[in-house]
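S.K.: Dumping the structure here so I can ask a few things about it.
The values are calculated or read from the model by the stated rules, or taken from the named source; none is laboratory data. These numbers were taken from a predicted model, which means no experiment stands behind them. Here the Cβ positions follow ideal geometry from the backbone for every residue, glycine too, while neighbour counts run over all protein chains shown.
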Amino acid sequence: MSLKVPIGVLALQGDFAAHMRALVEAGADPVEVRRTEQISTLRGLILPGGESTTLLKLLSEYRFDDAISGFHRRGGFLFGTCAGLILLANEVVGPPQRSLGLLDLTVRRNAYGRQVDSFAGMGMLRMNGGSPRRAEMVFIRAPRIERVGPGVEVLGDLDGEPTLVRQGRVWGSTFHPELAPGSEIHRAFVEAVGGD
């Protein structure tokens, strides 16, 4: 059964097209979001990877920072992947930078190295109360989660380090779930948005 949940993907920078494909496969009705007024029609919004400093400038220039914060206050679901996670965290280091502060984490930028240090590893996922299972995780200039707040649930890890987290309606991953085989994580996000 297709849930056809209206979920947007911020399409200012980064590989938003891969998220769009994963959302279609997961049963959502995805929208490329390029204007703030589009957000009012959505139930969920994905902030994809890219370059966090550039994304911050674009969010401010096009007033998306206020729109995203307002969307969250009104009950919208958010999912930040890689640079998107950096934008959502309430503390960013290496070096420090401004963020939306919607996820109780400390995140270190580019903690795994430069683009040439990108890699795919086998991590563990614990989705929807199920048994842990191995899953491929793709890291590209990825951040590291250095601190997890008390209200944050860890849904995935790589060698014991948290890589996929959730705090209420806000999800975040240090890796790129849209680049791994299958759409399990996107499906879980779609189900959470559609079931609220």
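S.K.: Within the range 26-42, does at least one residue satisfy the condition of being under 13 Å from the mean Cα position of the chain (by Cα) and surrounded by 22 or more Cβ atoms within 10 Å (Cβ to Cβ)?
M.R.: Quick first cut of the range 26-42, residues under 13 Å from the mean Cα position of the chain (by Cα) only: none.
No: zero hits.
S.K.: Moving on. Inspect all residues belonging to the range 48-59 and state whether any of them is modelled with pLDDT of 95 or more and among the aliphatic types (A, V, I, L, M).
M.R.: No.
S.K.: Also, quick follow-up: Check Phe16, Phe79 and return the single one that is under 21 Å from Ile185 (Cβ atoms) and free of Cβ contacts under 8 Å to residues at least 40 places away in the same chain.
M.R.: Phe16
S.K.: Could you list, ordered by first residue, the pairs with Cβ atoms under 9 Å in which the first is in the range 89-116 and under 14 Å from Ser69 (Cβ atoms) and assigned to a strand (DSSP E or B) and the second is of a type in the set (Phe, Trp, Tyr) and at pLDDT 95 or above, at least 6 apart or interchain?
M.R.: These pairs meet every condition: Leu103/Trp171.
S.K.: Right, next: How many residues does the range 38-64 contain that are of a type outside the set (A, V, I, L, M) and not in a helix (DSSP H, G or I)?
M.R.: Of the residues in that region, 8 qualify.
S.K.: In the list Leu47, Leu87, which residue meets the criterion of being in contact with a strand residue (DSSP E or B) (Cβ under 6 Å, 6 or more places away or on another chain) and within 21 Å of Glu184 (Cα to Cα)?
M.R.: Leu47
S.K.: When the range 4-37 is examined, which residues are found to be among the acidic types (Asp, Glu) and part of a strand (DSSP E or B)?
M.R.: Asp29, Glu32
S.K.: Filter the range 153-181 down to residues that are part of a loop (DSSP other than H, G, I, E, B), in contact (Cβ under 8 Å) with a residue 40 or more places away in the chain and not aliphatic (A, V, I, L, M), then give me how many there are.
M.R.: Adding up the residues that qualify gives 5.
S.K.: Here's a follow-up. Of the residues Glu146, Glu91, Glu153, Glu191, only one is modelled with pLDDT of 95 or more and closer than 24 Å to Gly27 by Cβ; which?
M.R.: Selected residue: Glu153, the only one of Glu146, Glu91, Glu153, Glu191 that is modelled with pLDDT of 95 or more and closer than 24 Å to Gly27 by Cβ.
S.K.: Of everything in the range 152-164 that's buried (at least 19 other Cβ atoms within 10 Å of the Cβ) and among the hydrophobic types (A, V, I, L, M, F, W, C), which residue is farthest from Ser183 (Cα to Cα)?
M.R.: Val152
S.K.: Being more than 23 Å from Ile68 (Cα to Cα) and part of a strand (DSSP E or B): is that true of Pro150 here?
M.R.: It is false that Pro150 is more than 23 Å from Ile68 (Cα to Cα) and part of a strand (DSSP E or B).
S.K.: What residue, of Gly123, Gly101, Gly94, Gly168, is touching a Gly at 6+ places or on another chain (Cβ under 8 Å) and on the phi > 0 side of the Ramachandran plot? Give the steps one after another, and end with the answer.
M.R.: Numbers: Gly123 fails: on the phi > 0 side of the Ramachandran plot; Gly101 fails: touching a Gly at 6+ places or on another chain (Cβ under 8 Å); Gly94 fails: touching a Gly at 6+ places or on another chain (Cβ under 8 Å).
Exactly one residue qualifies, and that residue is Gly168.
S.K.: Of these, Gly182, Gly149, Gly172, which one is surrounded by fewer than 21 Cβ atoms within 10 Å (Cβ to Cβ) and closer than 27 Å to Pro6 by Cα?
M.R.: Gly182
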